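Please read the structure below before turning to the comments.
The values are calculated or read from the model by the stated rules, or taken from the named source; none is laboratory data. Quick caveat: nothing in here was measured; it's all calculated off a predicted structure. Glycine gets a Cβ as well: all are built from the backbone with ideal geometry, and neighbour counts include every protein chain shown. Ligands, DNA and RNA are stripped out before the accessible areas are found, and what is left, the full protein with its side chains, is counted by its heavy atoms. Shrake-Rupley method; radii C 1.70, N 1.55, O 1.52, S 1.80 Å.
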Amino acid sequence: MGYVNRCEVWVPHLLTETSLMNRVSTCDLLLQRHERDPFLKTLVTGDETWILYQNVHRKRTWSKDNRPSTVAKPGLHPKKVLLSIWWDWTGVVYYELLPQAETINSAKHCNQLDQLKAAIVEKRAELSNRRGVVFHHDNARPHVAVDVRQKLLQFDWDVLPHPPYFPDLAPSDYYLFLSLKNSLRDKRFQSVIEIKTHLEKYFANPNNFGKRV
């Protein structure tokens, strides 16, 4: 179909010249803005990723008789739960594990944004009271729905632009989720409570998630 998988997102294999120029102009715009008025310490960003109950890591091994050992492949429909998370330079602001098989739509995302705003007021009072929130998310359909855009306008948050078809520009994909998936390697969970316990320990460890701006 002419699409490839990038950061768990299907994007056109050959991007148009317009899309490529959009990427360059957006990145240049953000860089110039940061040089004029550094905003990373007021940035709140977020995204979603699937957490598997059985995180089997398949690797090639060889025995003395030169026969590779076998590792069972995961099923086509593994048991999993969707993690929605928002974070800033100091750590996690708010996260939610959706019930099994539930995904994100615009109504659900609006409700999550309400919870996020409450968490910011509680945990990042300096952003809600004085400095303001610089907000970033990618252009997935639930994120750019009309009611979601209206919700963000009500919050009066400064929403950063994100060019289409470029999931590699989302900080959650190349930083938070990459290290999180490494921590999940070979982990097996029996319940969502066990997953939440692992996440809480992971996010609380300053060696995994800390001030790196």
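So, Glu126, is that one surrounded by fewer than 16 Cβ atoms within 10 Å (Cβ to Cβ) and under 17 Å from Glu96 (Cβ atoms) or not?
Against the criterion (surrounded by fewer than 16 Cβ atoms within 10 Å (Cβ to Cβ) and under 17 Å from Glu96 (Cβ atoms)), Glu126 does not qualify.
Quick check on my filter: what residues within region 165-181 are outside any helix (DSSP H, G or I) and touching a Ser or Thr at 6+ places or on another chain (Cβ under 7 Å)?
Result: Tyr165, single match.
Of the residues Val4, Val11, only one is open to solvent by less than 50 Å² (accessible area, probe 1.4 Å), outside any loop (DSSP other than H, G, I, E, B), farther than 30 Å from Val133 by Cα and at pLDDT below 85; which?
Val4
Any idea which residue in region 176-202 is nearest to Gln54 (Cα to Cα), counting only those that are among the β-branched types (Val, Ile, Thr) and open to solvent by 50 Å² or more (accessible area, probe 1.4 Å)?
Among residues in region 176-202 that are among the β-branched types (Val, Ile, Thr) and open to solvent by 50 Å² or more (accessible area, probe 1.4 Å), the one nearest to Gln54 (Cα to Cα) is Val192.
Mind checking which residues of region 182-208 are part of a loop (DSSP other than H, G, I, E, B) and not small (Gly, Ala, Ser)?
Selection gives Arg185, Asp186, Lys187, Phe189, Gln190, Asn205, Pro206, Asn207, Asn208.
Return yes or no: is Thr103 open to solvent by 40 Å² or more (accessible area, probe 1.4 Å), in contact (Cβ under 8 Å) with a residue 24 or more places away in the chain and either out of contact with any helix residue (DSSP H, G or I) (no Cβ under 8 Å at 6 or more places or on another chain) or not aliphatic (A, V, I, L, M) (or both)?
Against the criterion (open to solvent by 40 Å² or more (accessible area, probe 1.4 Å), in contact (Cβ under 8 Å) with a residue 24 or more places away in the chain and either out of contact with any helix residue (DSSP H, G or I) (no Cβ under 8 Å at 6 or more places or on another chain) or not aliphatic (A, V, I, L, M) (or both)), Thr103 does not qualify.
Please enumerate the residues belonging to region 143-175 that are within 18 Å of the chain's Cα centre (by Cα), without any contact (Cβ under 8 Å) to a residue 60 or more places away in the chain and open to solvent by 30 Å² or more (accessible area, probe 1.4 Å).
Those that are within 18 Å of the chain's Cα centre (by Cα), without any contact (Cβ under 8 Å) to a residue 60 or more places away in the chain and open to solvent by 30 Å² or more (accessible area, probe 1.4 Å): Val144, Val159, Tyr175.
Can you tell me which residue among Asn22, Asn66 is of a type outside the set (A, V, I, L, M) and modelled with pLDDT of 80 or more?
Of Asn22, Asn66, the one residue that is of a type outside the set (A, V, I, L, M) and modelled with pLDDT of 80 or more is Asn22.
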